[in-house]
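Novice: Attaching a single structure in structure tokens format; questions to follow.
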Amino acid sequence: MSPIGPSLNPINLLIITALLSGVMLLVLVSIKRSGLPGVADWLRANLLIVGSLILFAARGRISDWASIVVANTMLAWGMCEVYIGLGRFFGRPIRRAALALPMAAVPLALAWLTFVTPSFSLRVVLMSVVHTVICAAIAVTVVRFRPRSRPLYSYGLTIGVAAFFTIGHAIRGLFYLFVHNADTASIMSPGMNVAFLTLGAIVMPTLTMCAVMMAHDAVMASAEKAANTDFLTHLLSRRALSEATEREIAGAARTGRPLCLVMFDIDHFKAINDTYGHAAGDAVLKAFASLGLATVRSDDYLGRMGGEEFALLLPETPPAVAVAIAERMLMRTRERGVHVGGEVIRHTVSAGVAAFERGDTLETLLAAADRALYAAKEGGRNRVIHNARSASEHHVQRAEAAER
């Protein structure tokens with residue numbers, strides 16, 4: 001016997017793969033509490049696979065009905081559960097009922113090819129077709145619905161793995177369909193059978209690993225969104241807006257295109273809280289956020305700086321246009337009251353506009369917009385002031401920012 005012979009024993013391979021699937025089960029249990037859709041389906045998939053591998057490994061010691069028909073059916077439905085879980089994960093639910101009918105034909109065909117017209121090679125061809133179709137469906141699902149804003153790695157790996165298994169199962173089916181005397185082979189024989197058995201055995205642990213990686217990326221995306229989103233208004237957080245401003249400043253400095261920052265402050269906000277309560281104050285903040293989102297373009301950045309103060313970053317926007325946008329938002333705020341508990345809260349907003357000037361940093365641009373906002377407040381509120389800075393004032397602001 002070859003020194004590597006024992007390591008190629010199909011029983012050992014099935015047991016090792018079952019253990020790997022068991023480990024992946026534990027990993028999936030650990031991320032189930034994240035509430036991500038699809039994880040429960042992947043758990044079921046691995047339970048089915050572990051059961052099927054145990055039945056495969058018991059071949060010869062249990063009935064063919066259990067080790068062939070039931071085992072292969074569990075394996076096929078486990079792959080379906082992976083596909084169903086992916087659909088849920090990407091927000092594209094796949095109905096089990098749509099898969100139940102075609103999958104019901106699998107045990108019937110397996111029983112026929114085992115007990116009525118026994119054919120080992122045709123059983124392999126049948127299961128190869130099933131796995132080829134499911135793996136191809138998995139690859140296509142990830143290609144179509146993966147989030148384009150996220151890093152490609154985990155999704156690209158899943159696509160590549162699913163495509164590899166699609167090709168591998170197709171080759172396996174063709175081999176057993178056209179190679180002569182395939183029926184003289186046995187699932188326990190070495191050589192090509194072991195290679196194809198390995199292919200079938202490692203599908204589930206590998207796809208589960210890919211699923212866990214995609215789930216981890218989804219958790220990271222959720223954490224990043226929470227860090228970059230204001231919890232009350234669902235606008236950008238101060239940190240996220242500051243990062244966006246720094247990026248746009250670098251772009252404006254490089255291209256020379258205009259960039260404006262508008263600071264908003266809800267007038268007499270403390271009086272609103274004192275008169276109507278903090279719930280009413282929150283409603284006013286959320287109403288202004290909704291109004292802003294309905295007004296600005298998709299390429300603009302609207303965020304909450306804290307309290308009742310908001311900021312709007314307008315790339316490729318000259319000062320006159322930025323002032324017009326701010327005045328439109330002030331007008332709509334005046335015209336629309338906020339309905340709270342049967343009362344209508346009328347309020348106004350003040351705004352300050354600062355245009356990017358060469359040499360500006362995040363701090364100096366914020367300082368210029370703050371100065372303009374302060375001037376609007378001092379000038380009677382409910383107005384927009386554009387801070388048209390002189391060169392000397394610009395250098396003073398840079399010095400003040402450096403001292404902070």
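The values are calculated or read from the model by the stated rules, or taken from the named source; none is laboratory data. Bear in mind that the values here come from a model prediction, so they are computed numbers and not experimental data. Neighbour counts are summed over all protein chains in view; Cβ atoms, including those assigned to glycine, are modelled from backbone coordinates with ideal geometry. When the accessible area is computed, the model is the full protein with side chains, heavy atoms only, and any ligands, DNA or RNA have been set aside. Shrake-Rupley method; radii C 1.70, N 1.55, O 1.52, S 1.80 Å.
Novice: Need the C-alpha centroid separation for the stretch 231-309 versus the stretch 43-113, integer Å.
Specialist: 52
Novice: Mind ranking 322-334, 124-136 by how tightly packed they are, going by the mean number of other C-beta atoms within 10 angstrom, highest first?
Specialist: Output ranking for 322-334, 124-136: 124-136, 322-334.
Novice: Can you tell me the order of 35-45, 339-349, 19-29 when each peptide is scored by its average per-residue count of other Cβ atoms within 10 angstrom, highest first?
Specialist: 35-45, 19-29, 339-349
Novice: So who's got an amide H within less than 5 Å of the one on THR317, skipping anything under 5 residues away but keeping other chains? H placed 1.01 Å off N, in plane.
Specialist: LEU259, CYS260
Novice: Can you spot the lysines whose alpha carbon is less than 28 Å from LYS377's alpha carbon? Ignore those fewer than 8 places along the same chain.
Specialist: Counting by Cα, and skipping residues close in sequence, LYS377 has these lysines nearby: LYS270, LYS286.
Novice: What translational D, rounded to a whole number of µm²/s, comes out for the stretch 7-110 from Stokes-Einstein when the hydrodynamic radius is the Kirkwood one over Cα pairs, at 37 °C and 0.692 mPa s?
Specialist: 226
Novice: If you line up the long axis of helix 71-89 against the longest principal axis of the chain, both from Cα atoms, how many degrees apart are they, to the nearest 10?
Specialist: It is inclined by approximately 10 degrees.
Novice: Considering only protein heavy atoms and a 1.4 Å probe, what is the carbon-and-sulfur percentage of the accessible area of the chain?
Specialist: 63
Novice: Now a separate question. Would you list the P(r) distribution for the chain, with all Cα-Cα distances sorted into 10 Å bins from 0 and each bin expressed as a whole %?
Specialist: 4, 18, 20, 14, 12, 11, 11, 8, 3, 0
Novice: Just round it to a whole percent: the fraction of Cα-Cα distances in the stretch 110-169 exceeding 19 Å.
Specialist: Of all Cα-Cα distances in the stretch 110-169, 45 percent exceed 19 Å.
Novice: Still on this structure, I have one more. What do you get for the angle between helix 238-255 and the principal long axis of the chain? Use alpha-carbon atoms, 0 to 90 degrees, nearest ten.
Specialist: Helix 238-255 and the main axis of the chain meet at about 80 degrees.
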